[in-house]
Structures are given as C-alpha cells and as structure tokens.
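The values are calculated or read from the model by the stated rules, or taken from the named source; none is laboratory data. These numbers come from a predicted model, not from an experiment. We place every Cβ from the backbone using ideal geometry, glycine too, and count neighbours over all the protein chains shown.
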Amino acid sequence: MASSEEVSILCLGPEIPHRCQLDIFFRSAEHLAPSNLFDMNKELEEIARNELGETPEVQKEALAQFRQRLEEENGLRIPPDDVLIKFLRAAKYRVDKALKTFRNFFRARRDMPEYFEGLTPSTIPYKSVFRDHKLLMFPEGKDPEGRTMLMIRFGAWKHSISSMDDLVKCFIVGAECALLDDDTQIRGFVGVDDLEGLGVHHLVDLTPGFLRRVVTLVQDTFPARIKGVYFINAPAFFEGLYSLLIRPFLSKKLKKRVHITSGGLSELVGLISPELIPKEFGGTLEDFDFDAQERRFHEKTAYFEKIQQYGYMTE
C-alpha cells in the first residue's frame, strides 16, 4: 500500500480530479496545524495522568492508532490532532470509544444542518438569548475542582425570545468554545438547569424526538466529560417527564450524575460553586459579564470556520 507521501505525489497534476486533490489536502492537514497538546501546567498534567492515563507517550501512540482507524472511514476529511485529542481525552484514551463519539459528532454535523450548518458565534441570537434574557451562562471561572460550569435557564425560555433550534445552537457554540480549553477537556463539565417557569407551553416543544435528539447531542456526540447535571426549581410534573422520556436514554454513569430538586440553588451547597452564578438566580456573583462572554466566543471564530472543513462528506 502506498504511503501518504506517495499518494500525495500520485495525486498531483492538473489531470487529477479536484475532489482527489481536496481529499489529499484534508487528510494531510494535521501537519499544517500547530498543536498545543503538551503546553499544560504541572497540576493539569498530573490530573490528566491520574484520571485519563495521559502521558506524552500514551497520547502519541493513541493519536497514531486513532488516525489509522479514521483513515479507514469512507468519505472522511480527518481533522488535525488538536481536534482528535478531545475525543481521546473524553474516552480516557480508549480508541474504540473515541472513534464512536467521533463518528456521532461528525455525522451529527452532517445530518443536522438545522444546528450545525454555517454555525459560528456570529450566527446565533446572542443579544436575545444571552444578554437580554440570560438563558445561558458559561462562566470563565472554574469550580473548586477546576471543572467548567454552565447554567441554563430553560424554564425562562419562550418562543418570543428565540426558536428552539436557535437555543440549541447557542448551547452548542458555548459548549464548543468551552471544549477548546484543556481544563474543560480534562476536568469536565458541571451543568445547572434552572426550570423555574417551566409549564405547559414548553411541553409542545419537548417532544420525545426532540428530547432524544438533545440527549444524543449532549451524551453521545460531544467529547465532554459530564461530571454532574443538576435540575433546580423543577415543577412536580418534571420528574415524570424525566423518568419517561430522558432517563431511559442515559448511560448508567450519567444516570447517577443527574440530580433533580424542586428547590433552588441553595439546595446544592457543596455541589456547585455559587460564586459563578449571579445573585438574581441564587448565587453570590454580583453580575455576570455577558460582554466578556461574547468576546470569548468570538475569539474562537476561527475554530468554527475550521471545523466546517472536516468530517463526513454529504452522501
């Protein structure tokens, strides 16, 4: 079998179809993108080694195996190593598991254009969803365990603010930006979903198909280590909705990490960091800086433009 260098030489020339040249370009793109895979502080290196089994040697070998498996995928433009490492870390360097999540992620990008097509920080309704109604917050700080925290106020959402698809896209942008951080990849996420205000008008949108799609995106598609999910201010009917339409699709591990309470943030003392959440929602933070969050999102625009170049070609 010809090496990648030999294939590149064989495919050069104007007589070769443009698609062949594109495939060679994308399959060798990992050599063009600089990587900061080993640029971490000692504390984070220690956590990565203890929790994920990550060392430079393990990482190098796993990346080689992962890339070899991806070369066998049909119609795939393989992203560079800094993208692949997210999947390996989420899978604790189990290549088979990383491959499964990778397939889910890039097939979702191909098969769910309503969420992913042309998605960048500039294409989401930031003012309405974030600044005006404060439905999503991705604090820059970490909790005492170094985990990234996010807060969703789904109970406050309504159609006059945004479509449900736009709300999902806002979540995706925030999660993708957070997952570009080594700390988030290694230490994981903690999520708080405030359901205050959840009512019958939401149930029209919370169809079994939509809930299954969201579970798939969060649990099976994103290369994220989900360390805890806390539903607060849950109305009486939510536990039944969760048991019937959400819990059956969760992994055994995630089921243990989901907690539901009818009370507010005060019931999560010792579980989440109130200093990351504004006072108006039960935390101790004076004001959440939505301007700074928007700047952080836009600083990651190049990633969103880059990731659209990779993945499974449209069938």
- With (1) farther than 16 Å from Glu196 by Cα; (2) out of contact with any Phe, Trp or Tyr (no Cβ under 7 Å at 6 or more places or on another chain); (3) in contact (Cβ under 8 Å) with a residue 60 or more places away in the chain as the list, and Ile277 as the residue in question, which single condition is left unmet? (1)
- Task: Inspect all residues belonging to the stretch 128-135 and state whether any of them is at negative phi, surrounded by fewer than 17 Cβ atoms within 10 Å (Cβ to Cβ) and either in contact with a Cys (Cβ under 8 Å, 6 or more places away or on another chain) or in contact (Cβ under 8 Å) with a residue 60 or more places away in the chain (or both).
- Result: yes
- Only one residue in Ser128, Ser162 is in the same structural domain as Ile277 (by TED's automatic domain parsing) and in a loop (DSSP other than H, G, I, E, B), so which one is that? Ser162
- Message: Against the definition (among the basic types (Lys, Arg) and touching a Leu at 6+ places or on another chain (Cβ under 7 Å)), how does Lys279 come out, yes or no?
- Response: yes
- Task: Could you tell me whether Tyr303 is touching a strand residue (DSSP E or B) at 6+ places or on another chain (Cβ under 6 Å), surrounded by 15 or more Cβ atoms within 10 Å (Cβ to Cβ), closer than 21 Å to Thr221 by Cα and among the hydroxyl-bearing types (Ser, Thr, Tyr)?
- Result: no
- Query: Is the stretch 150-164 home to any residue that is basic (Lys, Arg), closer than 30 Å to Asp81 by Cα and touching a residue at least 12 places away in the same chain (Cβ under 8 Å)?
  - Reply: no
- Message: Restricting to the stretch 194-242, and then to whatever is within 24 Å of the chain's Cα centre (by Cα) and of a type in the set (Gly, Ala, Ser), can you tell me which residue is surrounded by the most Cβ atoms within 10 Å (Cβ to Cβ)?
- Response: Ala224
